[in-house]
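Encoded as structure tokens, the structure appears first; notes follow it.
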Amino acid sequence: MTDVSTQFELMVISGSASLQETLATLDSVALISVPTTARALSLLDGDWLPGAVYVEDTLRGTLDDVWAIVRAAMRRQVRVVVNLQGRGAGRASEFQAAGATVIDARTPDAVADQVSKALGTRRRAHSEAIMVAVTAVKGGVGKTLLTAMLAEGLRQRGVSVLVIDNDISNSGIRPTFRIPSTAPTYTGLLGDGLGMAAWTPERLRSCIYQHRESGLDFLLGPEEMVEAIHDLDSKNFYAFLHAVRQLSGYQVLLFDTSPEIVRRPAPYIVGREGGWLVLPAPPSRKERTGVLNLLRALRHNPGDDLTGRTLLVGMEPERGVVSSLSTALPLFAREAPSARLLGTLVHDPRTVSLADAGEQGYRSPLTVVPHGRFARSVHDIVDALAHEIGLTTPLAKPRSTLLDRLFRARPVAPAGVAMDGRKVAA
Ligand SMILES: Nc1ncnc2c1ncn2[C@@H]1O[C@H](COP(=O)(O)OP(=O)(O)O)[C@@H](O)[C@H]1O
Ligand SMILES: [Mg+2]
């Protein structure tokens, strides 16, 4: 058993999202998830190598695939942990003789326990997830789009993100991610007559919607306009937030919030509880007044100036608008000197509508035009966010999209530089 003191990469060959989530609780381990055996083999044949490989025999395909991975890993002197649950059950000694570490774990939790033991690392008791609330007092300023782009940008860097749709009067998250109306809602728990007892991590976990296309998890509000009974007042929101924070496996809890901040003060609560506030900041007069009002309110929050936890994103105005960010930003800075600027989100209705218009289900603006100005502005903002909130991301800014990298013929390192700072060949 080797002691793993610095962060290293674990290549996980498994299609299970809940397994990834649970493995994310391993200390000092960055997960590189690889969806197919072929892709894993080509990576193990390339210049970049992971610190260890996890593979299971319950994949589609044959036991030969598992053997191929074990042999490839052994050839490159990469440790490999094999979970034998299906076709390989009863053949542990053969795998051990080949040099693999064999485990027998049925649930994601058991896998994480046994893998952490095999690698000599530990599991975090539960995630100290960083909370980020995207907030504005006006609708239509780009809150939901920004939330979606931050979530995907973080996810593409290997961060496990739970997106919480808190704009329950008017969900923008559902149409943005094309989430079907059959997806569960957490507000549904309020209708069950449980009162505050609704808010337990177990109950919330049963409401999590896993979005395959993006790899993001969601806690969704109702699809239609909320009825009063399903609304979350601040007492309910506190209890809800407490339960959400007990869900393990997430590094970031990202909230899309309601502009009706007086009735639904979720952003204040997230701020008071130590989270971060991200404010889309458009320059034109009406919108900018909203931003200034919100900054003032955050600065005078009783007991705690929340502007020190406030991060602005300049929203580039559409073509033809003469108000400019260069005029507006100094006004914001004067109102809230301790707020920080993450960058400017490029206004790109073409890319956004291309993603939106696709008939083949969900497509992200980040993958529709991966190298465009819009995607680049998103990635710069995501990097700045990670830096400000003190989040170390397992992967660096994608030079192209995640899908590109996973399916490109020539394997490349997930980042130009490995976690321990050592340069890896690309
Ligand atoms: N940077 C941008 N580029 C292109 N379209 C944008 C941009 N920001 C916002 N939009 C569009 O403006 C509309 C309102 O944005 P949305 O994110 O729904 O706002 P909110 O959640 O604040 O109500 C959406 O159609 C969105 O796609
Ligand atoms: Mg919205």
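Values quoted throughout were computed directly from the atomic coordinates according to the rules given, and no laboratory measurement underlies them. What you see is a predicted model; the values in this text were computed from it and never measured. Methodologically, a virtual Cβ is constructed for each residue, glycine included, from the backbone with ideal geometry; neighbour enumeration extends over all protein chains shown.
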Collect residues whose amide H, placed 1.01 Å from N in the peptide plane, falls under 5 Å from the amide H of residue 278; neighbours closer than 5 in sequence don't count. 133, 134, 135, 311
Please state the charge dipole magnitude for the chain, taken about the Cα centre, from unit charges on C-beta atoms (+1 on K and R, -1 on D and E), reported in debye and rounded to the nearest 20. 960 debye
Taking amide H atoms as placed 1.01 Å from N in the peptide plane, list the residues 5 or more away in sequence, or in a different chain, whose amide H sits under 5 Å from that of residue 83. 55, 56, 57, 103
Once phi is turned into ³J(HN,Hα) by the Karplus curve 6.51 cos²θ - 1.76 cosθ + 1.60 with θ = phi - 60°, what whole-Hz value does each residue of the stretch 265-278 show in order, with x for glycine and proline? x, 3, x, 4, 5, 4, x, 5, 7, x, x, 10, 10, 10
Estimated FRET transfer efficiency (residue 18, residue 91; beta-carbon r; R0 25 Å; 0.05): 0.45
Here the percent of antiparallel bridges among DSSP beta bridges lying wholly in the chain, to the nearest 5, is 10 percent
Relative contact order of the chain (C-alpha contacts under 8 Å, at least 6 apart) in percent is 17 percent
When the Cα atoms of the stretch 130-389 are enclosed in a convex hull and the volume is divided per residue, what value in Å³ results? 121 Å³
Karplus-derived 3J(HN,Hα), 6.51/-1.76/1.60, for each residue of the stretch 241-249, Hz, glycine and proline x: 4, 4, 5, 4, 5, 8, 5, 8, x
For the stretch 42-49, in residue order, the Karplus 3J(HN,Hα) values (coefficients 6.51, -1.76, 1.60; θ = phi - 60°; whole Hz; Gly and Pro = x) are 5, 5, 6, 9, x, 7, 8, 10
